[in-house]
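Colleague: Before we start, here is the structure in question, set down as structure tokens.
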Amino acid sequence: MTTRSAKIPTEAQVLEWMTSLSNWGRWGKDDQKGCLNLITPEKRKQAAALVQEGVTVSCARPITTEMAPDISFQVQRYMVDSGEGRDTDPPERRMVRRGASEFIGMVFHGQTITHIDALSHYSWQGKLYNGKPASMITSREGAQTHSIEQAADGIVTRGVLLDITRVRNVAWLTPDQPVMPEDLDAAERLEGVKVSEGDILLVRTGNYRRRLEQGPTPNTQPAVACQVACTPWFKQRGIAMLGTDTSNDVRPTQYATITSPLHTVCLVTLGLWLIDNANLEQIAQACQQRNRYEFMLSLGPLRLRNVTGCPVNPIAIL
């Protein structure tokens, strides 16, 4: 298979999209929800009507404290109390020592944990989505604007899976073959589905399967994702969120001054929230078995105050 680098937009084109694709002011000058505004009550009712069997499928990877080369920051766990020694504790100690609990600490942004990127996660030239100053994300107070709290009532809408491995007839995509707009169109035709306004679009590259079968690779190695060329497609279709089984940017960057172009255009210009590092293996199997690639998708991020995102377990309901 030959490289598609000839179809990659120039850096000048990407910089132009940061203006021409802008959703700033679309939902008011103080808006912090961005494309989540496209999920209307009618859209949620449409999503609920897709439930036929009541089968639920997780789209999250397990969070582990084990070491791996692609982990950006090691997840920490220590037990506050455990069940060890309960059988030998004296009776009076057993009366007060009944529970087990632990501390979990993590940096969820990175290459491995399934998480939501809120609109406070990225800025461009000192500005967040809708023109708010990036200086409002401080080391002391955290995200004083565009926080994950904007999704506190939950995110429920129609989910659509576009499995690009089926289009390419491969087990997984390689870094020199990023997802392009024509791949999204081809996947729609192959699956008989159409992405529409207010949907959460899930794009499968097969790279979580590759990790499971071949083991993790260092996070400095090249990585595949949707190429930033897909962002006009996202704007045209009016998707509310994008989720993939990668960290959502081609690595290394293909541009001199834009290190994470997809994150930048989506989060800052479009106000498009992202799901990084999803596990799309089980939902891909479920969709293929039913020959149906649309479903209700529900996400309930934690109500974290002034935080730039959240670990999440997206649940597809078929």
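Just so you know, all these numbers are worked out from the coordinates, no wet-lab data involved. Small disclaimer: the values here were computed from a predicted structure and weren't measured. Note that each Cβ is placed from the backbone with ideal geometry, even for glycine, and that neighbours are counted across all protein chains shown.
Colleague: Give me the number: length gained by fully extending Asn291 to Gln144, i.e. 0.36 nm times residue separation minus the C-alpha to C-alpha distance, one decimal in nm.
Modeller: Length difference between fully extended and current span is 48.5 nm.
Colleague: Additional query: Which value results when the Cα radius of gyration for the range 131-177 is divided by 2.2 N^0.38 Å?
Modeller: It is 1.99.
Colleague: Another question, then. Fewest to most neighbouring Cβ within 10 Å: what's the order for Arg26, Arg93, Arg158?
Modeller: Arg93, Arg26, Arg158
Colleague: For the range 32-48, just list the computed ³J(HN,Hα) in residue order, Karplus coefficients 6.51, -1.76 and 1.60, θ = phi - 60°, integers in Hz, with x standing in for Gly and Pro.
Modeller: My calculation for the range 32-48 gives 10, 8, x, 5, 5, 4, 6, 8, 8, x, 5, 5, 5, 5, 4, 5, 4 Hz in order.
Colleague: Let me ask something additional. What translational diffusion coefficient, in µm²/s and rounded to a whole number, does the Stokes-Einstein relation yield for the range 42-85 at 20 °C and a viscosity of 1.002 mPa s, taking the hydrodynamic radius as the Kirkwood radius over Cα pairs?
Modeller: 140
Colleague: Within a 10 angstrom radius of the beta carbon, how do Met79, Met180 rank from fewest other beta carbons to most?
Modeller: In order of increasing Cβ crowding within 10 Å: Met79, Met180.
Colleague: Which value at 222 nm does the chain reach when only helices count, each DSSP H run of 4 or more adding -39,500 (n - 2.57), with the total divided by all residues and rounded to the nearest 500 deg cm²/dmol?
Modeller: -5500 deg cm²/dmol
Colleague: Something else now. Scan (1) 17; (2) 40; (3) 14 for the value of percent of Cα pairs over 39 Å apart calculated from this model and give just the label.
Modeller: Given (1) 17; (2) 40; (3) 14, the calculated one carries the label (3).
Colleague: Give the distance, in whole Å, between the Cα centre of the range 152-179 and the Cα centre of the range 258-313.
Modeller: So the separation of the two Cα centres works out to 10 Å.
Colleague: In addition: Using Cα pairs under 8 angstrom and six or more residues apart, how large is the relative contact order of the range 194-318, in percent?
Modeller: 24
Colleague: Roughly how many nanometres apart are two label points built 7 Å out from the Cα toward the Cβ at Lys7 and Arg303?
Modeller: Result: 4.6 nm between the two label points.
Colleague: How high is the relative contact order of the chain, in percent, counting Cα pairs under 8 Å that sit 6 or more residues apart?
Modeller: Reported relative contact order: 31 percent.
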